[in-house]
Amino acid sequence: MVRRACFLVVMAGVVLASCVPHGHGERPTPSHRPAPSRPVYDEAARRQCLAQLTADGAHYSVLPDRTFGNGCSAIGTVQLSDIGMPVSNLGAMTCPLADAFTRWTRDATQKAAQAWLSSPVVKIESFGTYSCRPVNNVAGARLSEHGLSNAVDISGFVLSNGRRITVLNDWNGPDEYARNFLRAVHDAGCRRFSVVLGPDANALHRNHLHFDMGPGPYCK
Ligand SMILES: [Zn+2]
């Protein structure tokens, strides 16, 4: 509960930050602008998350806060450089997302691979993190968590024996063990991320698992 409470504070900061104009890491000057009623970003939560990310074994760099058009932003984000295995296409991720992803990769993915595939995962393939777009790419829908650098889409896994498991081909593929592996990592995601969407959610997710740290929980 404590972790969730901290997260909500962080997210409130992100949403607020996306609504107020400000420069790259520049703080509003009280003499020129009214003081915000709440912090643009909770510094204590940020420091606590970065310390946890380090404790979880991640190597990363802290990215400068940025806001873009249409409410999109990268506030309190990191660039993961090493979480024990390569992951393609990772860009800016909010710290809570990066930490949940690090633990999911390290623990859940390898455990599921050991249980169902008898070969460790050596690479994870993603479709990326930040993308300024509405939910499900529907014009007029609310902003996707991808627009807040708060979501990641996972499309496949490469095993040490050379085999490649993809959500597109294997979620409903002929190999029962591959199907079980993908459901295991999906379900493990539901225990770590706020929102998880896979092929059973809708056709738009037939080829990836969407993980985000926005309002939840939701798991399908
Ligand atoms: Zn997504």
Under a plain spin-label model, where a point goes 7 Å from the Cα along Cα-to-Cβ, how far apart in nm are LYS220 and ASN137?
-> 1.9 nm
Please calculate how many Å² of accessible area segment 178-220 carries per residue, with a 1.4 Å probe and no DNA, RNA or ligand atoms counted.
-> 42 Å²
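Give me the number: length gained by fully extending ALA55 to ASP175, i.e. 0.36 nm times residue separation minus the C-alpha to C-alpha distance, one decimal in nm.
Using 0.36 nm per residue and subtracting the Cα-Cα distance, I get 39.5 nm.
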Rounded percent of accessible protein surface that carbon and sulfur make up, segment 65-220, 1.4 Å probe = 49 percent
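Out of the trypsin sites (Lys or Arg not before Pro) in segment 71-156, which ones are loop residues according to DSSP with at most 12 other C-beta atoms within 10 Å?
ARG142
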Between segment 84-119 and segment 174-207, the alpha-carbon center distance in angstrom | 14 Å
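The values are calculated or read from the model by the stated rules, or taken from the named source; none is laboratory data. Because the structure is predicted, anything quoted here is derived from the model rather than measured. So basically every Cβ, Gly included, is an ideal-geometry build from the backbone, and we count neighbours across all protein chains shown. SASA here: full protein model, heavy atoms, side chains in, ligands and nucleic acids out. Shrake-Rupley method; radii C 1.70, N 1.55, O 1.52, S 1.80 Å.
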